[in-house]
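Student: Let me give you the structure first, and then I'll get to my questions.
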Amino acid sequence: MSLLQVLDDYQNEALQVISQCGELSEIEEARIRFLGKKKGRLKEIQTQLSTAKPEERPLLGKRFNEAKNAVEASLNARKDELAKPAKQIAGLDVTLPGTAFPLGKRHPISKTISEFKEIAGRLGFDVADGPEVEDDYHNFVALNIPDDHPARDPLDNFYLSVAQEGAGGPWLLRSQTSTVQIRVMEQVPPPVRIVSTGRVYRPDTIDATHSCMFHQMEGLYIDKHVTMSNLKTTLKMIATQYLGDDIAIRFRPSFFPFTEPSVEVDIQWGENWMEVGGAGMVDPNVLKAVGYDPEEVSGFAFGLGIERLCMKRYGVKDIRLLYENDLRFLSQF
Ligand code: PHE
């Protein structure tokens, strides 16, 4: 093989090896192997060159230098490439600080609902759920609300125009979570101890304290010998666990078709009393409607306004703020 050929082979092999170096230590190995002053391949070739005929030497010398320079340049270029911190993508500067991803937060209503469920859970209440679109039977009939009762007034309810005559029609967006009392008692025999949270709908004029949609927590406890004092203790415990130990609660006589006696529930906050819901002992007619024996079991029910308590807890003055999805408001909780 001619020495020119040897030099070509040398250069090709060196460039091939260098292009495959993946680490700086491999670059150094390649440098020693191809350019090393003591045992490098080039050193060997140099020794052979001294045996060449004098007239061939100028050409061989030139080619020798070319090969040496090409290998050196290739080593340096590969070294620079490997030394770069990361692959550069056009237009991307990985050294810039990252864009903070705006993490969301739980809505104060959702937080209140979770807390209520947890408090009720510690008192031994299970959690039940019911539909928001209800039939006449569960929203009114089974709750002892007669046909001519003002609570059924179309002006006070969102009746749905569909399926008026369909099964269980007319349907409506439920106006209270008391519907879930019926749905649970239809399913399970006593004893029953549940809470149910969710949305209710009433066509109220919207202002700082009224909304056409809001949330309630319903509670129902049916067993032998359940009394009004059990009711008051339960409500007091829920109120103090949510708002703090200095909360007092009071009952005012009231009327609901599905409880007898019935009360309005107020809680004291500082100097003021605030109404937070209704409650009472489940009416025997309701127990009969679901096939329970009112001579055997008794029970209490309550319905608390979740917004009221949530607003009190967080110092929110206008209920509309809770539904506007304004992050400046929501990010405070
Ligand atoms: N459902 C009643 C309301 O929405 C509240 C209530 C619940 C009253 C349970 C008594 C018992 O006003």
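The values are calculated or read from the model by the stated rules, or taken from the named source; none is laboratory data. Please read all numbers here as calculations on a predicted model, not as lab measurements. In this analysis, Cβ positions are derived from the backbone assuming ideal geometry, glycine residues included, and neighbour counts consider all displayed protein chains.
Student: Looking at segment 310-326, can you tell me whether even one residue there is more than 10 Å from the ligand (Cβ to nearest atom), within 30 Å of LYS224 (Cα to Cα), modelled with pLDDT of 95 or more and not polar (S, T, N, Q)? It would help to see each step written out before you state the result.
Tutor: The initial filter retains those residues of segment 310-326 that are more than 10 Å from the ligand (Cβ to nearest atom), namely 310-326.
With the extra rule that they be within 30 Å of LYS224 (Cα to Cα), the set shrinks to none.
No: segment 310-326 contains no residue that is more than 10 Å from the ligand (Cβ to nearest atom), within 30 Å of LYS224 (Cα to Cα), modelled with pLDDT of 95 or more and not polar (S, T, N, Q).
Student: Hey, CYS21 hits all of (1) hydrophobic (A, V, I, L, M, F, W, C); (2) in a helix (DSSP H, G or I); (3) under 60 Å from the mean Cα position of the chain (by Cα) but one; which does it fall short on?
Tutor: Only one criterion in (1) hydrophobic (A, V, I, L, M, F, W, C); (2) in a helix (DSSP H, G or I); (3) under 60 Å from the mean Cα position of the chain (by Cα) is unmet by CYS21, namely (2).
Student: Among (1) within 16 Å of the ligand (Cβ to nearest atom); (2) free of Cβ contacts under 8 Å to residues at least 12 places away in the same chain; (3) under 23 Å from VAL316 (Cβ atoms), which single condition is LEU235 missing?
Tutor: (2)
Student: Also, quick follow-up: Conditions: (1) surrounded by fewer than 16 Cβ atoms within 10 Å (Cβ to Cβ); (2) not in a helix (DSSP H, G or I). GLU134 meets all but one. Number of the miss?
Tutor: Going through the list (1) surrounded by fewer than 16 Cβ atoms within 10 Å (Cβ to Cβ); (2) not in a helix (DSSP H, G or I), GLU134 breaks only (1).
Student: Which residues, counting only those in segment 38-56, are of a type outside the set (Val, Ile, Thr) and surrounded by 14 or more Cβ atoms within 10 Å (Cβ to Cβ)?
Tutor: Result: GLY40, ARG41, LEU42, LEU49, ALA52.
To keep it simple, each residue is scored yes or no on (1) surrounded by 13 or more Cβ atoms within 10 Å (Cβ to Cβ); (2) assigned to a helix (DSSP H, G or I).
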position	(1), (2)
GLY98	no, no
LEU103	no, no
ILE109	yes, yes
GLY121	no, yes
GLY124	no, no
ALA151	yes, yes
GLY169	yes, no
ARG193	yes, no
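Student: Right, next: Condition check: hydroxyl-bearing (Ser, Thr, Tyr), over 27 Å from MET311 (Cβ atoms) and either surrounded by 13 or more Cβ atoms within 10 Å (Cβ to Cβ) or within 11 Å of the ligand (Cβ to nearest atom) (or both). Does TYR159 satisfy that? Spell out how you get there, then give the answer.
Tutor: Values: hydroxyl-bearing (Ser, Thr, Tyr): yes; over 27 Å from MET311 (Cβ atoms): yes; either surrounded by 13 or more Cβ atoms within 10 Å (Cβ to Cβ) or within 11 Å of the ligand (Cβ to nearest atom) (or both): yes.
When the stated conditions are applied, TYR159 passes them.
Student: Quick one: count up the residues across segment 162-207 that are of a type in the set (Ser, Thr, Tyr), over 18 Å from ASP283 (Cα atoms) and within 12 Å of the ligand (Cβ to nearest atom).
Tutor: The total comes to 3.
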